[in-house]
1. Among the numbered criteria (1) open to solvent by 20 Å² or more (accessible area, probe 1.4 Å); (2) of a type in the set (D, E, K, R); (3) touching a helix residue (DSSP H, G or I) at 6+ places or on another chain (Cβ under 8 Å), which single criterion is violated by Arg193?
2. Would region 270-278 turn up any residue that is open to solvent by 30 Å² or more (accessible area, probe 1.4 Å) and touching a Lys or Arg at 6+ places or on another chain (Cβ under 8 Å)?
3. Would you check which residues across region 298-326 are out of contact with any helix residue (DSSP H, G or I) (no Cβ under 8 Å at 6 or more places or on another chain) and either acidic (Asp, Glu) or over 24 Å from Arg180 (Cβ atoms) (or both) and list them?
4. Can you tell me which residue among Arg274, Arg242, Arg314, Arg343 is touching a Leu at 6+ places or on another chain (Cβ under 6 Å) and of a type in the set (Lys, Arg)?
5. Can you tell me which residue in region 48-65 is modelled with the highest pLDDT, limited to those that are under 17 Å from Gly88 (Cβ atoms) and part of a strand (DSSP E or B)?
6. Can you pull out the residues in region 155-190 that are among the basic types (Lys, Arg), open to solvent by 40 Å² or more (accessible area, probe 1.4 Å) and either part of a strand (DSSP E or B) or closer than 30 Å to Thr379 by Cα (or both)?
7. Enumerate the pairs (first residue in region 205-219 and without any contact (Cβ under 8 Å) to a residue 40 or more places away in the chain; second residue anywhere and of a type outside the set (Ser, Thr, Tyr) and part of a helix (DSSP H, G or I)) with beta-carbon separation below 6 Å, excluding pairs fewer than 6 apart on the same chain, so at least 6 apart or on different chains.
8. Test Ala108 against the criterion of being touching a strand residue (DSSP E or B) at 6+ places or on another chain (Cβ under 6 Å), within 23 Å of Tyr194 (Cα to Cα) and modelled with pLDDT of 95 or more, and give yes or no.
Amino acid sequence: MSKPTIHAGAILSLPAKATDHRPKRILVAYSMTATFVSTTMEYLLTLKNFSPYEVHYIHVTHDARMDFDINDYDVVFHNYCARLCFDGFVSEDYQTALLGFRGLKIIAIQDDYDRTARLHRAIRRLGFHVLLTAIQSEFWPLVYPKSELPGVTIVQGLTGYLPERFLDYKFPIIPLADRRVWVAYRGRNIGARYGRLGFEKYEIGRRMIEICTARGIPHDIAMDDNSRIYGDAWYEFLGSSRVMLGSESGSNAFDFDGHLDEKFSTFVSVHGRRPTYQEFKPILDPLEAPFNVGQISPRVFECAIMMTPMILFRGSYSNAIEADVHYIPLEKDFSNAEAILARLNDLEYLQGFADRAYQRLVASGKYGHRSFNQLIVDTIEKEYARRIDPDWIAYRSRTTRSTDSGNKSPKVSALQLELAERPTDVPLGADEFVPRQERIARLLCKPQTLTFYVILRPIWVLLPMSLRTSILRVLRWWMNTLRLPLATRADRKRSGYFAPQGRRNGE
């Protein structure tokens, strides 16, 4: 039998063997409208600060246009703030680019309970390989079943991590005996939509105000937006409090198809107000019954840093802390509230909880962003080697460049230039986003919308942050829950001020 003839052309067409198959360049996709939240910014910067990779960032919401080749990167890490469960929020141009991306695709999800089935479809359509979630693994068959996400690797993380940058800041630790506020708390009434866990964030404050007032216990408890505290002042507040109240983060009220939002909207339309938790409970109970996904919040880590003992509703807290060891458990019927408050003068008892929480969450090194970074790096190294063929990447890169080399760049409009995005070294925020949206408004928006930017914005920026947050929350709820048109859908997308962002985990 004669040997087959091998032609020189066939040899030349074979892809060259790569010498190093490890990923080197990471692109983090995010939304500039979310970086004002410190926990989100710290999450975004984890890979930049601690990983061995070259990391860049790209804003992908509000009709952003990708003005670069996404295949210059080995991995795309899609951050949770660019929420695919909301139609029109993540730009179509980015999604098209992601469909053609040949590297590893990772998506991080928080607020998993919002339009979960729509999220399934987006993950399948865009071809994500890895899903990073804070949902405990025992609930994955219900939230992320294999039938809906075939072949997707699921990795469990946390909603937030220890802010290690504050370890070097060295806030002064005030002895418990010198802390004038005995019981402190900041929460909010987020409404019945988020079920029992959302209700508890308000209820723990409401009931403890009544109890502390009746007993004459010094307290600083508030759930209104005007009382919210930000930045360094928040840590000073924590450090001046003898104990801090708290509850689990997250929601057990999973709304897979938007039906829960529809029922909420119907109630509002009929009654002219939002339902209370008790009024909405008959609808929520069957949805919440299969789940117990309560998670540890960033506030717990912040209390540990400031050596502030915690009185928390009894819960699992992502199995990071234990009741009667790292926190004082408060029963949800408040049956032991009197007994707990009676020991607020027992400083040795309180100090023990602060010390043990510090050792567990801070000194152990298990819950910081360095640890989170290692989880991501290990996942990238494992999944990239398993899923990405370097020969295919080299071949497609070579052939794509050869076919594109003769193409002329098409003319772009002024609007396209404003929407053009290129990778940056760090995530951008309002200082970049707001002026850009104003320029877009001048190009496209109706006169009444332009009036908001040109005339009202100087007044807007003078308002306290807490008041602006309250106004935005009301408008966001008005549009997304009631579905009342503040402007046309195109105008809303262009304006960018009222985009759906969800609530901050840990609040």
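1. (1)
2. Step one: of region 270-278, the residues open to solvent by 30 Å² or more (accessible area, probe 1.4 Å) are 270-274, 276, 278.
If we keep only those that are touching a Lys or Arg at 6+ places or on another chain (Cβ under 8 Å) too, we end up with none.
Within region 270-278, none of the residues are open to solvent by 30 Å² or more (accessible area, probe 1.4 Å) and touching a Lys or Arg at 6+ places or on another chain (Cβ under 8 Å).
3. Arg314, Gly315, Ser316, Ser318, Asn319, Glu322, Ala323, Asp324
4. Values: Arg274 fails: touching a Leu at 6+ places or on another chain (Cβ under 6 Å); Arg314 fails: touching a Leu at 6+ places or on another chain (Cβ under 6 Å); Arg343 fails: touching a Leu at 6+ places or on another chain (Cβ under 6 Å).
So the residue among Arg274, Arg242, Arg314, Arg343 that is touching a Leu at 6+ places or on another chain (Cβ under 6 Å) and of a type in the set (Lys, Arg) is Arg242.
5. Just the residues of region 48-65 that are under 17 Å from Gly88 (Cβ atoms), to begin with: 59-65.
So of that shortlist, the ones also part of a strand (DSSP E or B) come out as 59, 61, 65.
Numbers: His59: 97, Thr61: 94, Arg65: 94.
Looking at the filtered set, the residue picked out is His59.
6. First pass over region 155-190, keeping only residues among the basic types (Lys, Arg): 165, 170, 179-180, 186, 188.
Then drop every residue that is not open to solvent by 40 Å² or more (accessible area, probe 1.4 Å), which leaves 165, 170, 180.
Across region 155-190, the qualifying residue is only Arg165.
7. His219/Cys212
8. On the way: touching a strand residue (DSSP E or B) at 6+ places or on another chain (Cβ under 6 Å): yes; within 23 Å of Tyr194 (Cα to Cα): yes; modelled with pLDDT of 95 or more: yes.
For Ala108, the condition - touching a strand residue (DSSP E or B) at 6+ places or on another chain (Cβ under 6 Å), within 23 Å of Tyr194 (Cα to Cα) and modelled with pLDDT of 95 or more - is met.
The values are calculated or read from the model by the stated rules, or taken from the named source; none is laboratory data. All figures in this text were calculated on a predicted structure; none of them were measured in a lab. Heads up, the Cβs are rebuilt from the backbone with ideal geometry, glycines too, and the neighbour counts pull from every protein chain shown. Heads up: the accessible areas ignore ligands, DNA and RNA and are worked out on the full protein's heavy atoms, side chains in. Shrake-Rupley method; radii C 1.70, N 1.55, O 1.52, S 1.80 Å.
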